[in-house]
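Student: Pasting a structure below so you can have a look.
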Amino acid sequence: MAIVATALFCVMLTACTPAATQTPAPTPTPTGSIPEINAGDYTFALPDAGAYDFGGRTFTIYSYHGQPFEQRTDFIRRYAQNAQIEQRFNCTIKYDLDLARGQNDALAGHPTIDFAYLMNHQLAAWVVGGIAEPLTPYADEIKFDDARWDKQVTEMATINGKVYAVAKQVEELWKYHYTVAMFMNKTLLQNCGISAQEIYAKQQNKEWTWAAFRDTAQTITRDFNHDDVPDIWGTVLGGLNMASGLMGSANTNVYVKTDKGYTFDYDNKVIDVLNFMAELYRVGAARGTESITGISSNVDSSDWLAGSIGFYPAMFASTWISFQSSMADEYGVLCMPMPDGETDYHIVDGMYASNVMFAQANKDEARKIAKFMYVYNTSLYENAEDEQEMYWLEAENRINDEGSRYFLEKCFDRANYVTLVNNAAFTNNGISLNFEEVIGGSKTAAELLQEQKPVLATLVEQMFDGVS
């Protein structure tokens, strides 16, 4: 399991401190061209001036905001809010991208970075390695029950009763950035007599089911030279995205939260997911995994770009750029199809970020950092309408047609989303569910899971044995 951290800043000058003696330096900016940002043009729901006085302290954060500036709303608003925080609460905000040094300094007892914006697959190693400061002692400062925090992430970041990370409710482009989408090649569909509009209509009518996906993918699969090796595949099973996306669509997972940390377990929905993946392969709707075909998931990606795969599951914004620049055919975007028993599509977050404080020997300093983390995670938007306007300003550039808006509307609403523990957290430690035998047909899903559960559960639980 892993959880990430979000960057924290302070900005503008506090009313209870004499302006003549406390004028913090401006927020350090990343390299690159930085536009002039008038912080007064923006309204944020920051605490009142005087609520906090950080005494001119500099807060250092590891965050993507320290990278070259991008002309993007989340960068512009971040720097505008930083300026207001610095002025209002008497502090300075600085970014530091040397994460390895920051980790070593924290372990040596003299942290040089206060907290980090980490991806979820990194958190477990930080917790086990003693790099992350438990946040539970600072509950009054962080205010865990505040509406700004994503309660799912707080729960997922709780190990042995201690919270190790908090994540602000995702906003704007981050609502879709790491979600698992089902991309479709509209040209291949058209070649088979299926219009993209037919698929979009199924989705709109809640008929974009596992069965509809299977049947469409099977129709797309083509073996032009009759050598029993399809030249066009309906979809692919390699990599983590198909398994993760289907797990999320069924609202299940094999990594299960416990009071101590995590374990490996499964329910009937997990069995259904593996059986469905095996069915996709058996009926010729999907190319198999690497151990079956000898074809890696990297080839899956290049074949998708070359136009020989009909449906391709991938994290939305981490792939759309390469799709738009390298793909000859036009693509559409869909939700992951839903299984029987579900009444709506789940939006599946495959990755996410959270705020993780570096281990602090000085607990008074840790308390100051916790207060600052709360302030820094104030919304970057004035209200829901403001956020929605900025969301579509970015999102419209990532799709090619009106039908793809449905997926992005679902992402924005966040009414039915699932935040998965990123499997990479466990595979990085040599822990993974080897389901190729189910895909290949030598074992049933129930047989495989029953066989692997004792071993995998022990390995997952042992990851957190050293956490007191």
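The values are calculated or read from the model by the stated rules, or taken from the named source; none is laboratory data. Fair warning: this is a prediction, and the values are worked out from it, not measured in the lab. Glycine also receives a Cβ, built like all others from the backbone with ideal geometry; neighbour counts cover every protein chain displayed.
Student: Looking only at region 436-451, how many residues end up being free of Cβ contacts under 8 Å to residues at least 40 places away in the same chain and farther than 21 Å from Ala286 by Cα?
Tutor: If we filter region 436-451 for residues that are free of Cβ contacts under 8 Å to residues at least 40 places away in the same chain, which is where we start, we get 437, 442-443, 447, 450-451.
Restricting the remaining residues to those that are farther than 21 Å from Ala286 by Cα gives 447, 450-451.
Total satisfying the criteria: 3.
Student: Here is a follow-up. How about region 54-80: which of its residues are buried (at least 19 other Cβ atoms within 10 Å of the Cβ) and polar (S, T, N, Q)?
Tutor: Correct list: Thr60, Ser63, Thr73.
Student: Another one. Kindly establish whether Gly66 is among the small types (Gly, Ala, Ser), in contact with a strand residue (DSSP E or B) (Cβ under 7 Å, 6 or more places away or on another chain) and at pLDDT below 95. Talk me through it step by step, then tell me what you get.
Tutor: Values: among the small types (Gly, Ala, Ser): yes; in contact with a strand residue (DSSP E or B) (Cβ under 7 Å, 6 or more places away or on another chain): yes; at pLDDT below 95: yes.
When the stated conditions are applied, Gly66 passes them.
Student: While we're looking at this one, here's another question. Those residues that are within 11 Å of Tyr352 (Cβ to Cβ), assigned to a helix (DSSP H, G or I) and more than 12 Å from the chain's Cα centre (by Cα), I need them from region 155-177; list them, please.
Tutor: Met156
Student: Turning to a different aspect of this structure: Restricting attention to region 99-139, report how many residues are closer than 13 Å to Gln360 by Cβ and in a helix (DSSP H, G or I).
Tutor: So the answer is 6.
Student: Ok, one more. Asn268 versus (1) at pLDDT 95 or above; (2) within 14 Å of Leu433 (Cα to Cα): which is the lone unmet condition?
Tutor: Only one criterion in (1) at pLDDT 95 or above; (2) within 14 Å of Leu433 (Cα to Cα) is unmet by Asn268, namely (2).
Student: From Asn400, Asn434, which residue is modelled with pLDDT under 90 and farther than 23 Å from Ala181 by Cα?
Tutor: When all the criteria are applied, what remains is Asn434.
Student: Out of (1) in contact with a Leu (Cβ under 6 Å, 6 or more places away or on another chain); (2) more than 29 Å from Tyr417 (Cβ to Cβ), the odd one out for Thr219 is which?
Tutor: Thr219 satisfies all of (1) in contact with a Leu (Cβ under 6 Å, 6 or more places away or on another chain); (2) more than 29 Å from Tyr417 (Cβ to Cβ) except (1).
Student: Quick one: Asp259 ticks every box in (1) within 23 Å of Phe407 (Cβ to Cβ); (2) touching a residue at least 40 places away in the same chain (Cβ under 8 Å); (3) of a type in the set (Asp, Glu) bar one, so which box is it?
Tutor: (1)
Student: Find the residue count for region 402-418, including only residues that are touching a residue at least 60 places away in the same chain (Cβ under 8 Å), over 15 Å from Tyr331 (Cα atoms) and either in a helix (DSSP H, G or I) or outside the structural domain of Glu198 (by TED's automatic domain parsing) (or both).
Tutor: So the count comes out to 3.
Student: Considering region 136-165 alone, what residues qualify as being under 23 Å from Phe44 (Cβ atoms) and not aliphatic (A, V, I, L, M)?
Tutor: Within region 136-165, Tyr138, Asp140, Glu141, Lys143, Phe144, Asp145, Asp146, Arg148, Trp149, Asp150, Lys151, Thr154 meet the criteria.
Student: Of all helices (runs of 4 or more DSSP H) completely enclosed by region 211-330, which ones contain at least 2 residues that are among the β-branched types (Val, Ile, Thr) and crowded, with 18+ Cβ neighbours inside 10 Å?
Tutor: Values: elements: 241-249, 268-282, 290-293, 297-306, 316-326.
Ranges flagged: 268-282.
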